[in-house]
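The values are calculated or read from the model by the stated rules, or taken from the named source; none is laboratory data. For clarity, every value in this text was computed on a predicted model and none was experimentally measured. Virtual Cβ from ideal backbone geometry, glycine too; neighbours counted across all protein chains shown. Surface areas here come from the heavy atoms of the whole protein model, side chains and all, with no ligands, DNA or RNA. Shrake-Rupley method; radii C 1.70, N 1.55, O 1.52, S 1.80 Å.
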Amino acid sequence: MNELPSLSFQPAQQIKAYQEKKLVNLVQYLKVNSPFYRRLFHENNIDPDAIRGIEDLARIPPTEKEHLQLYNKDFVCVPQHQIVEYMATSGTVGSPVTIALTENDLQRLAYNEYSSFACADGSASDIYQLMLTLDRQFMAGIAYYLGIRKLGAGQVRVGPGVPSLQWEVIERLKPNAIVAVPSFIVKLIQYAKENGIDLSRSSVKKAICIGENLRKEDLSLNVLGSRITEDWNIQLYSTYASTEMQTAFTECSAGKGGHQNPELVILELIDDNGRPVAAGEIGEVAITTLGVEGMPLLRYKTGDLCRAFHEPCSCGRHTTRLSPVIGRKKQMIKFKGTTLFAPALFEIIHKMDAIKEYVAEVYSNEIGTDEVLLYILPSNTSEETDGKIKTYLQARLRVMPHIRYLTRQEMQQLQFPEGARKPVKFIDKRGAANGGG
Ligand SMILES: [Zn+2]
């Protein structure tokens, strides 16, 4: 898998033919090696030999996160001595899932990020500053590291947080690119402003953004995205990835959705019955991994709701592009008579300067509808600020959430419970005993 990622530039028919050949191999591999999928084929009367094309996938029940949690070991297709690394999902909902990788899987991961960085205009002359962890079983960090090495670019592993250190390194080593969470880039900008660092003269020209949406449904920049570019003239590239799929969708400079890597995953958008949604409709992202040895997945439902774009892109790629995550299946809030997705709520909160940090907690009330409790770190504790926040939320949301102000320390504890690699922004207490807030 060392050649340049050229399949993306082939006609869509050719991409499909390639994927179907790989799919047939995968199903045969699972039939022989996967205890979980052997059982699934058997229990659902599925003849693996009859799965020949992407349309046949609809006959196979999707795999869910709960399956991975309950039968984690049954997904492993190789003997233990072939496993070279144990990674894990972040586990914001439920218990973390172990993902076991073979040497070939690590190489696949390197290839994945290599072609992602290439898609985001990366080359050997770039220097990337990594503002994220490479520890704690975190896959993305090591994937970036491996991909950048494969690209032949330079990199600096600074780790997450600490804006002062990030700027010190930027000024010393002059990286032209950063890999970071968008809300952290906002903090970098804030630090620069407060400390007399001239953003327009910094060496950084682009950012690979991870973990958070940069764009709205119409692909224009959201509050977070425009807050960054208003202050700092850098090119932003959004990415979408998850540990389970061991693959990333990455934007090219056109910024028209994340490009699928056709050698590594089959993408479906499906409805609640596991059927593909009509073109252009919102559906749940379901992934079939290609080329994975350790723990391949067949129709894995991610819980993320997106749209897909199939028209060729101005960059010349013919691969499907994925919209920003419009909502998470499990983060749908049923406010009296209306449905609100968590990202839409966050978007409203991000517009309010008086809210420095926040966590949204959702719980069920006595009549079974959802209540939202917003934990807020305000810019200051004055009555005026309190009034401003409440008036603003009241105007933007049809139903007023409950509000509890926290100190910086309390917020830190809530956002980073022990073992968390990224801040918690959403706590779901529905299904727990009445109230719970
Ligand atoms: Zn493109």
>> Tell me yes or no: at least one residue of the stretch 254-264 is more than 16 Å from the ligand (Cβ to nearest atom), modelled with pLDDT of 95 or more and either within 21 Å of Val97 (Cβ to Cβ) or open to solvent by less than 30 Å² (accessible area, probe 1.4 Å) (or both).
In response: yes
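Out of all the residues in the stretch 50-59, is one or more in contact with a His (Cβ under 9 Å, 6 or more places away or on another chain) and in a helix (DSSP H, G or I)?
Residues of the stretch 50-59 that are in contact with a His (Cβ under 9 Å, 6 or more places away or on another chain), as a first pass: none.
Looking for residues that are in contact with a His (Cβ under 9 Å, 6 or more places away or on another chain) and in a helix (DSSP H, G or I), one finds none in the stretch 50-59, hence no.
In the stretch 60-88, how many are part of a strand (DSSP E or B) and over 12 Å from Thr98 (Cβ atoms)? If you could, list the steps in order and put the result at the bottom.
Pass one, the stretch 60-88, residues part of a strand (DSSP E or B): 63, 83-88.
Now narrow it down to the ones that are over 12 Å from Thr98 (Cβ atoms): 63, 84.
The total comes to 2.
Would you confirm, using the coordinates I've provided, whether Glu251 is charged (D, E, K, R) and more than 16 Å from the ligand (Cβ to nearest atom)?
No, not satisfied.
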> Any residue at all in the stretch 129-144 that is more than 18 Å from the chain's Cα centre (by Cα) and modelled with pLDDT of 95 or more?
Replying inline: yes
> Does Leu267 qualify as being more than 18 Å from the chain's Cα centre (by Cα) and crowded, with 19+ Cβ neighbours inside 10 Å?
Replying inline: no
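If I go through the stretch 226-239 residue by residue, how many of them are away from the ligand (no atom under 14 Å from the Cβ) and either basic (Lys, Arg) or in a strand (DSSP E or B) (or both)?
So the first thing to find is which residues in the stretch 226-239 are away from the ligand (no atom under 14 Å from the Cβ), and the list is 226-234, 236.
Filter again for either basic (Lys, Arg) or in a strand (DSSP E or B) (or both), leaving 227, 236.
Total satisfying the criteria: 2.
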>> Looking only at residues that are modelled with pLDDT of 95 or more and hydrophobic (A, V, I, L, M, F, W, C) in the stretch 270-281, which one is surrounded by the most Cβ atoms within 10 Å (Cβ to Cβ)?
In response: Ile270
> Name the residues in the stretch 286-312 that are within 16 Å of the ligand (Cβ to nearest atom), surrounded by fewer than 20 Cβ atoms within 10 Å (Cβ to Cβ) and not charged (D, E, K, R), would you?
Replying inline: Phe309, His310, Pro312
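Here is a check on your reading of the model: is Ser95 within 16 Å of the ligand (Cβ to nearest atom), closer than 20 Å to Ser242 by Cβ and not hydrophobic (A, V, I, L, M, F, W, C)?
Numbers: within 16 Å of the ligand (Cβ to nearest atom): no; closer than 20 Å to Ser242 by Cβ: yes; not hydrophobic (A, V, I, L, M, F, W, C): yes.
So Ser95 does not fit the description; no.
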> In the stretch 171-221, which residue that is part of a strand (DSSP E or B) and within 14 Å of Asp231 (Cβ to Cβ) is least open to solvent (accessible area, probe 1.4 Å)?
Replying inline: Ala207
> If you take the residues in the stretch 274-285 that are among the β-branched types (Val, Ile, Thr) and in contact with a Cys (Cβ under 9 Å, 6 or more places away or on another chain), which one is nearest to the ligand (Cβ to nearest atom)?
Replying inline: Val285
>> What are the pairs with Cβ atoms under 7 angstrom where one residue, in the stretch 109-123, is over 20 Å from Met245 (Cα atoms) and in contact (Cβ under 8 Å) with a residue 12 or more places away in the chain and the other, located anywhere, is away from the ligand (no atom under 13 Å from the Cβ) and assigned to a loop (DSSP other than H, G, I, E, B)? Sequence gap at least six, or different chains.
In response: Gly122/Ala153; Ser123/Ala153
>> Checking the structure you have, find out if any residue of the stretch 79-95 is under 19 Å from the mean Cα position of the chain (by Cα) and modelled with pLDDT of 95 or more.
In response: yes
>> Between Lys31, Lys73, Lys65, which is touching a Ser or Thr at 6+ places or on another chain (Cβ under 9 Å), farther than 30 Å from His310 by Cα and assigned by the TED database to the domain that holds Leu297?
In response: Lys73
>> Can you list residue pairs whose Cβ atoms sit under 7 Å apart, with the first residue in the stretch 182-209 being free of Cβ contacts under 8 Å to residues at least 24 places away in the same chain and the second being assigned to a loop (DSSP other than H, G, I, E, B) and surrounded by fewer than 19 Cβ atoms within 10 Å (Cβ to Cβ)? Count only pairs 6 or more apart in sequence or on different chains.
In response: none
>> I need a count of the residues in the stretch 316-336 that are surrounded by fewer than 17 Cβ atoms within 10 Å (Cβ to Cβ) and within 16 Å of the ligand (Cβ to nearest atom).
In response: 1
> Checking Pro79 against (1) open to solvent by 30 Å² or more (accessible area, probe 1.4 Å); (2) within 30 Å of Ser314 (Cα to Cα), which single condition isn't satisfied?
Replying inline: (2)
